[in-house]
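These notes concern the structure reproduced below.
Values in this text are rule-based calculations from the coordinates and carry no lab data. Worth saying up front: this structure is predicted, and the values here are computed from it rather than measured. Cβ atoms come from the backbone with ideal geometry, glycine included; neighbour counts cover every protein chain shown.
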Amino acid sequence: MSQQGRCNALVAAAAAVLCAAVLLRIEVAQAATFTVGDTGGWTFGVQNWPNGKTFRAGDILVFNYMPGMHTVVEVDKAGYDSCKIPANAKVFSSGKDRITLVKGGNYFICGIPGHCQAGMKIAVIAN
C-alpha cells in the first residue's frame with residue numbers, strides 16, 4: 001500500500017470514529033430529565049404529575065424527598081394498582097433518587113404504609 005493510500009485509510013477511519021461519537025452524543029443528548037412532582041417533589045398527590053408529559057426510554061426521573069419520610073419503590077402494574085410491594089421490588093431511599101425509564105410501563109409507589117393509598121404513586125409510560 002502506498003503512503004497516500006495509508007493516509008487516506010487513516011483519515012477514513014478517523015472520520016468513522018468521529019461520526020460514531022457524534023451519533024452516540026446525539027442519542028445521549030435526547031434523554032430528558034424530569035423532576036417528579038416538579039418543585040413540590042415526591043410527595044402526596046403526585047399521581048397525576050405524568051399527565052400531559054411525553055416520556056422516552058432512557059429518560060431519567062429524579063425523585064426529591066426527605067430521606068426517612070418517604071421511599072421510592074419500583075413495582076409492576078399489579079403492585080401499583082394494589083399499593084403492595086412485591087418481594088423482588090427495588091427500593092430507593094436516598095432522597096435524591098435518579099431512575100432511568102425503560103420502554104413501556106414504569107410504576108413507582110412510596111413504600112411507607114398508607115402513602116401509596118394517599119396518592120403517592122405514579123405510572124409513566126415510556127416510548
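Of the residues that make up the range 55-66, is at least one over 17 Å from the mean Cα position of the chain (by Cα) and without any contact (Cβ under 8 Å) to a residue 24 or more places away in the chain? No, that holds for no residue.
Each residue in the range 103-127 was checked for being surrounded by 13 or more Cβ atoms within 10 Å (Cβ to Cβ) and under 24 Å from Thr54 (Cα atoms), and 15 pass.
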